[in-house]
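Here's the structure, in C-alpha cells; my notes come after.
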Amino acid sequence: MNRRTLALLILVPFAALTAWALMNGGITGILAFHQSPGGWQVFVDLVIALGLLLTFLVPHARARGRNPWPWVVMTLALGSFGPLLYLASGRSDDD
C-alpha cells in the first residue's frame with residue numbers, strides 16, 4: 001500500500017469524525033476539552049508531533065519540487081489535515 005492510499009484511508013474517516021464533532025459540539029465543544037490538564041497535555045503532544053512532522057514534510061516537498069508553505073500553513077491552522085492532504089495529493093508512485 002502506498003502513502004497516498006494510506007493517507008486517504010486515514011483522511012476520510014478523520015474528516016467524518018471532525019465533521020461529527022463540529023456538528024454535535026461545535027468549536028466550543030472541542031475547545032472545552034482543553035480546560036483540563038489532560039486536555040492541555042494532549043494538545044501540547046499534538047503540537048510537538050506536528051512540529052516534528054513538518055521538519056520532514058518541508059524538505060520532502062522541496063526535493064519533489066512542491067511548495068511546502070501551503071502545507072505548513074494548513075498544518076498550523078488545521079492540524080493533521082495538512083500532512084494528510086499533502087500525502088494524499090502526491091503522486092501515487094512517490095516513495
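The values are calculated or read from the model by the stated rules, or taken from the named source; none is laboratory data. Remember, it's a predicted structure, so these values are computed and weren't measured experimentally. Cβ coordinates were reconstructed from backbone atoms using ideal geometry, including for glycine residues, and neighbour counts include every protein chain displayed.
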Practice task
Tell me, yes or no, whether segment 25-34 has at least one residue that is out of contact with any helix residue (DSSP H, G or I) (no Cβ under 6 Å at 6 or more places or on another chain), modelled with pLDDT of 95 or more and assigned to a helix (DSSP H, G or I).
Solution key: no
Practice task
Mind listing whichever residues of segment 74-95 are aliphatic (A, V, I, L, M) and either exposed (fewer than 10 other Cβ atoms within 10 Å of the Cβ) or farther than 18 Å from Thr18 by Cβ (or both)?
Solution key: Ala77
Practice task
Hey, can you tell me all the residues within segment 1-47 that are more than 19 Å from Gly82 (Cα to Cα), among the small types (Gly, Ala, Ser) and surrounded by 11 or more Cβ atoms within 10 Å (Cβ to Cβ)?
Solution key: Gly25, Gly26, Gly29, Ala32, Gly39
Exercise for the section: Please state which one of Thr75, Thr28, Thr5 is in contact with a Pro (Cβ under 7 Å, 6 or more places away or on another chain) and polar (S, T, N, Q). Expected result: Thr75
Problem - Which listed residue, of Leu8, Leu46, Leu50, Leu17, is touching a Ser or Thr at 6+ places or on another chain (Cβ under 7 Å) and under 30 Å from Arg91 (Cα atoms) - result: Leu50
Handout entry: Filter result for Thr55 (loosely packed, with under 10 Cβ neighbours inside 10 Å, among the hydroxyl-bearing types (Ser, Thr, Tyr) and either modelled with pLDDT of 90 or more or assigned to a loop (DSSP other than H, G, I, E, B) (or both))
Key = yes
Handout entry: Any hit, segment 58-79, residues being farther than 25 Å from Leu8 by Cβ and either without any contact (Cβ under 8 Å) to a residue 40 or more places away in the chain or assigned to a helix (DSSP H, G or I) (or both)
Key = no
